[in-house]
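**Q** Encoded as structure tokens, here's the structure I'll be asking about.
The values are calculated or read from the model by the stated rules, or taken from the named source; none is laboratory data. As the structure is a computational prediction, the values presented were derived from the model and not from experiment. Here the Cβ is made from the backbone with ideal geometry for all residues, glycine too, and neighbour counts use every protein chain on show.
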Amino acid sequence: MKRTLSRRRLLGLIGLSASWITVLGPNSSSAESPTVITALAHDTIPSRTIRLDPIGNQTAPVVVTAVASDPRGELLAAAGDDHVIRILETATLKVKQALRGHRDLVRTLAFDSSGKSLVSAGNDGQLIVWDRIRRFEIIQRMQDTPALACVRFAPGIAEMAAVGFDRKVYIIGRPVDRTPQFACDCNDLRAVAYRDDRRVIAVGGRSGDLHLFDPATGTLIADKHLHEGRIRDITFHREANSAVTVGEDGKVVVFDTEKQKILQKLQVTSGRLFAVTVIDSQHIAVAGSDNAIRIVNTDDGTVSHTLDGHIGSISTLTATGGMLFSGGFDATLRRWSISDLNRAGRRIAENENNLER
């Protein structure tokens, strides 16, 4: 228990620095084998759970702090509280590489739309871009950045947006003389997302307001109060104007960024929601402090399924190729077969009786 509380305090640390520097350099990598728990959830929904094996002299279970799936559905990146990023095969959950480069907690991971680049950032004041083609060699490292909570690639181009624990939104990858300056009217920004047409960037943080900017100019398009409490994650439906936000008030909000109106507002839990990911044009998955994953139909505003199994807060979600991945404070990484959800019952529970070593 003492270790869990210490990690929660670590997740809340804030670090700010002054300058941005770009350097090139290699990374270390090695393969490892996870401890695997196989399970078949009732209603014929298959799921699988692994525990990431500690690296080096570490012995404690590895808490999963961030996950990202490549758009091809082949690879999963998972960051642990040991500051190591593991690259896994989505089909087998076998760890292919261990990427070392961060010195503190990794809070955010994202692949670009081609699946060739992976970006990572967190508490150590570094933003690192890894090249999949070169076996995830480091091709860009920005040091002395603010502590960053979220970094996302722009769809289809070599540009990123990043937010952290102050008011600024950073656009990375444009020429210096064309980089717009963003600033929100609240501190402690936690989430940023591009709309697919790249005409809108959505930002959220402590105030519960959704801030919409034009990423080309930095012009504020709109502010809309959506949550009573901090917004923790944002995503856009693919090829659509609707942004989906989740917050510490336990609500899911679907917001039309073109018409600037709320389409759905759903109270799904009395706890806090930390993560959201798109499954398809109708469905999203959300999760947080009550240890459950909920599949939400954003068209009619209903919770269609609940996935049980985690025994700690769920901090991160991603979906690809009919699979949903979740990770959190119970030191497990779980894969759910969401391709079978449409024919399953309303509640899906995972059984962890079978341990595969």
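**Q** Hey, Arg294 hits all of (1) under 21 Å from the mean Cα position of the chain (by Cα); (2) in a loop (DSSP other than H, G, I, E, B); (3) farther than 17 Å from Phe236 by Cα but one; which does it fall short on?
**A** That leaves (2) as the condition not met.
**Q** If you don't mind, there's one more thing I want to ask. In the list Ile348, Ile262, which residue meets the criterion of being among the β-branched types (Val, Ile, Thr), assigned to a strand (DSSP E or B) and at pLDDT below 90? Steps first, please.
**A** Details: Ile262 fails: at pLDDT below 90.
Answer to the selection: Ile348.
**Q** Here's a follow-up. Which of the numbered conditions does Ala41 fail, given that it passes all the others? Conditions: (1) modelled with pLDDT under 95; (2) in contact with a Gly (Cβ under 7 Å, 6 or more places away or on another chain); (3) within 24 Å of Val276 (Cβ to Cβ); (4) crowded, with 20+ Cβ neighbours inside 10 Å.
**A** Among (1) modelled with pLDDT under 95; (2) in contact with a Gly (Cβ under 7 Å, 6 or more places away or on another chain); (3) within 24 Å of Val276 (Cβ to Cβ); (4) crowded, with 20+ Cβ neighbours inside 10 Å, Ala41 violates only (2).
**Q** Do you know which residues across segment 134-150 are among the aliphatic types (A, V, I, L, M) and either more than 12 Å from Arg107 (Cβ to Cβ) or out of contact with any strand residue (DSSP E or B) (no Cβ under 9 Å at 6 or more places or on another chain) (or both)?
**A** Taking segment 134-150 and keeping what is among the aliphatic types (A, V, I, L, M), we get 138-139, 142, 147-149.
Ile138, Ile139, Met142 - these are the residues of segment 134-150 that are among the aliphatic types (A, V, I, L, M) and either more than 12 Å from Arg107 (Cβ to Cβ) or out of contact with any strand residue (DSSP E or B) (no Cβ under 9 Å at 6 or more places or on another chain) (or both).
**Q** Right, something else. Give the residue that is nearest to Ile55 (Cα to Cα), with candidates limited to residues of segment 105-147 that are free of Cβ contacts under 8 Å to residues at least 40 places away in the same chain and part of a loop (DSSP other than H, G, I, E, B).
**A** Looking at the filtered set, the residue picked out is Arg134.
**Q** I'm checking my understanding of the structure. Among residues of segment 111-133 that are acidic (Asp, Glu) and touching a strand residue (DSSP E or B) at 6+ places or on another chain (Cβ under 7 Å), which one is farthest from Leu189 (Cα to Cα)?
**A** Residues of segment 111-133 that are acidic (Asp, Glu), as a first pass: 112, 124, 131.
Then drop every residue that is not touching a strand residue (DSSP E or B) at 6+ places or on another chain (Cβ under 7 Å), which leaves 112, 131.
Values: Asp112: 22, Asp131: 27 Å.
This residue is Asp131.
**Q** Related question: Filter segment 160-175 for residues that are free of Cβ contacts under 8 Å to residues at least 60 places away in the same chain, on the phi < 0 side of the Ramachandran plot and not in a strand (DSSP E or B) and give the result.
**A** Listed by number, the residues that qualify are Arg167, Arg174, Pro175.
**Q** Mind checking which residues of segment 253-268 are of a type in the set (A, V, I, L, M, F, W, C) and over 16 Å from Ala193 (Cα atoms)? Steps first, answer last, please.
**A** Narrowing segment 253-268 to residues of a type in the set (A, V, I, L, M, F, W, C): 253-255, 262-263, 266, 268.
If the condition is that a residue be of a type in the set (A, V, I, L, M, F, W, C) and over 16 Å from Ala193 (Cα atoms), then Ile262, Leu263, Leu266, Val268 are the ones that fit.
**Q** Answer yes or no as to whether Phe165 is buried (at least 16 other Cβ atoms within 10 Å of the Cβ) and within 19 Å of Thr145 (Cα to Cα).
**A** yes
**Q** When the residues of segment 119-152 are filtered to those that are charged (D, E, K, R) and within 27 Å of Phe236 (Cα to Cα), which remaining residue is surrounded by the fewest Cβ atoms within 10 Å (Cβ to Cβ)?
**A** Residues of segment 119-152 charged (D, E, K, R): 124, 131-132, 134-135, 137, 141, 144, 152.
From the residues that got through so far, the ones that are within 27 Å of Phe236 (Cα to Cα) too are 131-132, 152.
Working: Asp131: 15, Arg132: 20, Arg152: 23.
Across segment 119-152, the extreme among qualifying residues is Asp131.
**Q** Taking the residues in segment 148-159 that are touching a Gly at 6+ places or on another chain (Cβ under 6 Å) and in a strand (DSSP E or B) as candidates, determine which candidate is nearest to Ser315 (Cα to Cα).
**A** Ala149
**Q** Of the residues Gly322, Gly288, Gly250, only one is crowded, with 19+ Cβ neighbours inside 10 Å and closer than 30 Å to Pro54 by Cα; which? First the steps, then the outcome.
**A** Details: Gly322 fails: crowded, with 19+ Cβ neighbours inside 10 Å; Gly250 fails: closer than 30 Å to Pro54 by Cα.
Sole residue among the options that is crowded, with 19+ Cβ neighbours inside 10 Å and closer than 30 Å to Pro54 by Cα: Gly288.
**Q** While we're on this one: Exposed (fewer than 15 other Cβ atoms within 10 Å of the Cβ), in contact with an Asp or Glu (Cβ under 7 Å, 6 or more places away or on another chain) and either farther than 16 Å from Thr332 by Cβ or at pLDDT 50 or above (or both): is that true of Pro26 in this structure? Please lay out each step first, then the result.
**A** Values: exposed (fewer than 15 other Cβ atoms within 10 Å of the Cβ): yes; in contact with an Asp or Glu (Cβ under 7 Å, 6 or more places away or on another chain): yes; either farther than 16 Å from Thr332 by Cβ or at pLDDT 50 or above (or both): yes.
It is true that Pro26 is exposed (fewer than 15 other Cβ atoms within 10 Å of the Cβ), in contact with an Asp or Glu (Cβ under 7 Å, 6 or more places away or on another chain) and either farther than 16 Å from Thr332 by Cβ or at pLDDT 50 or above (or both).
**Q** I would also like to ask the following. Does segment 230-248 contain any residue that is in contact with a Phe, Trp or Tyr (Cβ under 9 Å, 6 or more places away or on another chain) and at positive phi?
**A** No, every residue in segment 230-248 fails to be in contact with a Phe, Trp or Tyr (Cβ under 9 Å, 6 or more places away or on another chain) and at positive phi.
**Q** Quick check on this structure: which one of Thr277, Thr257, Thr269 is at pLDDT 95 or above and under 17 Å from Gly301 (Cβ atoms)?
**A** None of the others qualify; the one that does is Thr269.
**Q** Then there's this: Among the numbered criteria (1) outside any strand (DSSP E or B); (2) of a type in the set (D, E, K, R); (3) modelled with pLDDT of 95 or more; (4) under 21 Å from His310 (Cα atoms), which single criterion is violated by Asp53?
**A** That leaves (3) as the condition not met.
**Q** Just a yes or no: is a residue in segment 176-183 within 18 Å of Ser114 (Cβ to Cβ) and either touching a residue at least 60 places away in the same chain (Cβ under 8 Å) or loosely packed, with under 15 Cβ neighbours inside 10 Å (or both)?
**A** Here is the first cut: in segment 176-183, the ones within 18 Å of Ser114 (Cβ to Cβ) are none.
The answer is no; no qualifying residue exists.
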